[in-house]
Amino acid sequence: MDSMFDLVPIWAGIIGFGIIMYVLMDGFDLGQGILFPFARNEEDRDTMMNSVAPVWDGNETWLVLGGAGLLAAFPLVYTVFLPALYLGVFVLLAGLIFRGVAFEFRFKARTSKYLWSWSFSVGSILATFAQGAVVGSYIQGFETENFRYVGGAFDWLTPFTVLTGLGMIAGYALLGSTWLILKTEGKLQAWAYRITPKLLAMVVAVFIAISIWTPLMDPMVKARWFDQFSLIWLLPVGALLSMVVLVRALIKRQEGLPFVATMGIFVFTYLGLAASKLPYIVPPSYTLWDAASAGESQLFLLIGLLFVIPFVLMYTAWTYWVFRGKVKAGMGYH
Amino acid sequence: MELDPLFLSRLQFAFVVSFHAIFPVFTIGLASYIAVLEGFAFKTNHPTWTILSRFWTRVFAVVFGMGVVSGIVMAFQFGTNWSNFSYTSANFLGPILSYEVVTAFFLEAAFLGVLLFGRGKVPPGIFLLSAILVAVGTFISSFWILSANSWMQTPAGVEMRGELLYVTSWSEAIFNASLPYRFVHMALASFLTGGFVVAGVSAWYLLLGREVKANRAALSMTLWLLLFIAPMQAWVGDLHGLNTLEHQPAKVSAMEGNWETKSNVPLLLFAWPDQEAQTNHFVLGIPGMASWILTHDVNGVVPGLDQVAREDQPPVWLVFWSFRIMVGLGLLMIAAAIAGLILRRNGAVYTKRWYLRSLTFMSLTPFVAVLAGWFTTEIGRGPWLIYGIMRFEEGLTPSLQGWMALTTLIGYVVVYAMIFTGGLYYLMRILRDGMEHPPASEQEEAPEHRAKRPLSAVDVPFEEGAR
Ligand code: HDD
Ligand code: HEM
Ligand code: HEM
């Protein structure tokens, strides 16, 4: 690190922001695919898909930014995670491909429509599971030697990562159903109100299981949380409060708050995870500083980002504004 | 049989990147075309332009969708199969690829949403702006990705310290020696692709007598464009070759099938390069022509493959033939454009069936030429991953086993075959539906949108609509 000052914390913040942006934004549209098989009828499926059609591409771009940003700022993460999760990454990408093309093809299909509904749904579920498994693998840690992954092909697939994968599916489904409460009306919205509590119950169950399992598995995490009382306990409290807010909003039949509260659950859980593991970014061996790229590379990109990201956020917000309001049945776009 | 992860990874990379590449070349050209159509529509308010634009936007949506999903795969290939390469070059490639995402991909994605779904939801001026920004985004994107690729061909501005490359000069690294040529050559290739596809489809509709007015307009417009850019491409390609001669002479030797350093080198029209014997069989050539093209002197001395150790030579026959396919098709394109100019007198371009039929066939040639061009460039770089710095085998992921690479290779082939079939099928459907009858879903939305259109487009300046 020979730059004038240490950019690593700033970059950790930027990448962290990019990841949570991705999780929240692609989460609600992947959630539509997870909920697809359970929807009441074809018309509802059309509306669900229409509610995310204009924005999904932009949402997925945050994933690409996550990949490229890691390569730029913390290359070690990129070059250990991807080989370690080799087969999982393939599942993730295949899933994203099938659901991505389903957006274009399903609207144009007549007799083969059900095929693309399946493609959308199975693709979304696989991609979500793989993302959950990535989180699980991060908590588990990686076998490395001399800055290279040396573990096996299936180290990423353990009971623990299966649990985090399933938890992610429940979580994205919850984001998806609260998004529907916000964006739809009538019978579809009523259905979304009905399934949301069930999804929340699943999320809570996984949340508790992971919270017990992780400290048992990793002494460092245990020490962090239990050796002395610290402020990080505010994070799970925040997550629990968000859940309470969500339940109350559902009872009062509020439309916007459930979605916001669900995002709150995700943000607090995410920060809690970061608080458990950081500064280890390729656990158990390497910290953020071990994984960082050259200072001048971090600086070169940072300068550009400071100019560009505000514009990106502005026009992204603008497109959401253009497509604001309720999505109605039969409002076919294509 | 021993499964070689290196060979399988190369095969996989070649497959996924070739698959990806055919979509961007088309969407880059088509995006500009749609922006131009929207511009005409905005200025003249003539329905012909809107009909054309709506139609091509529907095609665009399908192709772009496939470009995006196959591109996402590319972003992760570097890490999964080439992690040592990524680790070594991250200080340069990381920022470059990130700049591509933040300056291009977000722009394309956001305004694509508006272009596809926003007709009638935003004022016409903003709609036009969205079409333009999507087109601009595709060029920004090609700039960065071609900078990355050109840097792998002609690396500059970096220094190896230990295992890692460090950037010593960003401007030298980004604007490396082959970037200008590659960027212009690729931009022209995209216009040629967009142009020949639009010309081919319009010709096909004219053969069937459908939407004659709009298709005549489209055909005339694109033939003018092709008349200028097809010859320009040959000229830029020649400059590109001279640049390569300076920086990667081995590649040019392979392109020319020239084994011996000598003067008065013939331009080979046909030959069968034999790497074992380091010579050619069945040679047919024009004497002195290669010397003349490369040195502007029939007696000029041209370096041959004898300058390069055997293990540093690329597979010659692949480079040799890919190059010939590209150039051959380039010449065919020039011929097609000139024929169009000649037939223009007395309007025969619109009616001569043989010409319209050959244009329909020509719409496939740019895709072949583009792939052949990339094969020349990439295979000719071998055995180097980063020219002169890192070889293929050094870049491979160490933990990658043969069966893993084989699994994902088969996986990608299967997945891509499925979506490619689907995509082709829907494109054919769009073509059969034609421009006259917008699909059912669009008819449904039409009344609501049409009610807004005349108001916002004709009577009211667009600031009014922008409230
Ligand atoms: C000269 C053009 C060109 C070339 C050589 C490449 N691409 Fe590409 N790429 C584009 C031009 C493009 C584009 C026109 O900008 C696309 C096509 C469809 C789209 O959405 O943008 C795109 C899409 C696209 C996407 C999806 C972006 C999104 O989510 O919107 C990714 C991640 C990549 N590309 C990455 C790559 C990588 C890693 C490449 C190299 C190996 C590559 N592309 C070669
Ligand atoms: C989009 C059009 C492109 C096409 C069609 C293409 C095609 C190919 C082909 C056919 C190979 C195989 C060479 C061999 O195995 O001998 C190859 C290799 C390679 N190319 Fe490209 N390429 C393209 C763009 C790029 C870009 C933009 C980059 C980098 C940013 C790149 C990076 C590589 C790498 C890392 C290899 C080595 C791996 C391998 O041998 O397969 N390519 N490419
Ligand atoms: C007609 C005469 C043409 C000539 C003399 C020519 C010349 C060249 C040369 C020398 C290269 C290799 C550059 C390198 O060293 O890496 C190249 C690459 C390429 N060509 Fe052509 N070309 C011609 C036509 C075309 C046409 C018609 C297309 C497509 C429509 C095309 C598309 C490409 C592409 C995509 C590449 C790879 C990217 C690059 O390196 O620029 N070329 N061309």
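The values are calculated or read from the model by the stated rules, or taken from the named source; none is laboratory data. Since the model is a prediction, treat every value here as computed from it, not as a measurement. In this analysis, Cβ positions are derived from the backbone assuming ideal geometry, glycine residues included, and neighbour counts consider all displayed protein chains. The area values use the complete protein model at the heavy-atom level, side chains included, leaving out ligands, DNA and RNA. Shrake-Rupley method; radii C 1.70, N 1.55, O 1.52, S 1.80 Å.
If you take the Cα centroid of segment B:176-194 and the Cα centroid of segment B:1-74, the two points sit 16 Å apart. For the residues of A:45-51, the average number of beta carbons from a partner chain within 10 Å of their own beta carbon is 0. Between residue B:234 and residue A:260, what is the FRET efficiency for a Förster distance of 56 Å, r being their Cβ-Cβ separation, to the nearest 0.05? Once rounded, the FRET efficiency stands at 0.45.
Segment A:265-334 and segment A:183-217 have Cα centres lying 24 Å from one another. Give the calculated FRET efficiency between residue B:159 and residue B:317 to the nearest 0.05, with a Förster radius of 41 Å applied to their Cβ-Cβ distance. It comes to 0.70. Each other residue within a Cβ distance under 12 Å of residue B:114 adds +1 if Lys or Arg and -1 if Asp or Glu, for a net charge of -1. For segment A:58-78, a decrease in accessible area of 20 Å² or greater in the assembled protein chains relative to the isolated chain, with a 1.4 Å probe, applies to A:58, A:60, A:61, A:63, A:64, A:65, A:68, A:71, A:72, A:75, A:78.
Taking each full run of DSSP H in chain B as one helix, which ones are at least 30 Å long along their axis (Cα atoms) and have mean Kyte-Doolittle hydropathy of at least 1.6? Correct list, ordered by number: B:316-344. What a 1.4 Å probe finds exposed on segment B:185-311 is 65% carbon and sulfur by accessible area, rounded to a whole percent. Around the amide H of residue B:274, modelled in the peptide plane, lie the amide H atoms of B:279, B:280, B:281, all under 5 Å away and 5 or more residues distant in sequence or on another chain. Quick one: compute the contact order of chain A, relative version, from alpha carbon pairs under 8 angstrom and 6+ residues apart, as a percent. About 26 percent, as a whole number. Solvent-accessible surface (1.4 Å probe) assigned to residue A:243 amounts to roughly 20 Å².
Of all lysines in the structure, those lying under 21 Å Cα to Cα from residue B:352, and not within fewer than 8 positions of it along the same chain, are B:213. Over segment A:8-313, with a single point scatterer placed on each C-alpha, what log10 of the ratio I(q)/I(0) does the Debye formula yield at q = 0.08, 0.14, 0.15 1/Å? Per q value, in the given order, log10 I(q)/I(0) is -0.37, -1.13, -1.27.
Distance between the 7 Å Cα→Cβ label points at residue B:262 and residue A:157: 5.9 nm. Rounded to the nearest 10 degrees, the angle from helix A:295-322 to the longest Cα principal axis of chain A is 10 degrees. Note on segment A:8-313: lysine pairs with Cα distance below 18 Å, sequence gap of 8 or more or different chains, count 5.
Within the full protein context, the accessible area of residue B:351 is estimated at about 80 Å² for a probe radius of 1.4 Å. The reciprocal of the average 1/r between distinct C-alpha atoms defines the Kirkwood hydrodynamic radius, which for chain B equals 24.2 Å.
The label-point distance for residue A:231 and residue B:427, in a model that sets each label 7 Å from Cα toward Cβ, rounds to 5.7 nm.
Take the Cα radius of gyration of the protein assembly as shown and divide it by 2.2 N^0.38 Å, N being the number of residues; the result is 1.00. Relative to the first principal axis of the alpha-carbon coordinates of chain A, what is the inclination of helix A:8-35, with its axis defined by its Cα atoms, in degrees from 0 to 90 and to the nearest 10? Value to nearest ten degrees: 30. If you average the alpha carbon positions of segment B:266-292 and of segment B:362-404, how far apart do those two centres end up, in angstrom? Segment B:266-292 and segment B:362-404 have Cα centres spaced 24 Å from each other. Taking Cβ atoms as reference points and 15 Å as the exclusive limit, the residues near residue B:92 contribute a net charge of -4, counting Lys and Arg as +1 and Asp and Glu as -1.
Between residue A:244 and residue A:213, the contour length at 0.36 nm per residue exceeds the alpha carbon distance by 8.8 nm.
Available extension along the chain between residue B:401 and residue B:346 is 13.3 nm, counting 0.36 nm per residue and deducting the alpha carbon span. Could you tell me how many degrees, from 0 to 90 and to the nearest 10, lie between the Cα long axis of helix A:75-84 and the main elongation axis, the longest principal axis, of the Cα atoms of chain A? The two axes meet at around 70 degrees.
Chain A against chain B buries an accessible area of about 6500 Å², both chains summed, 1.4 Å probe radius.
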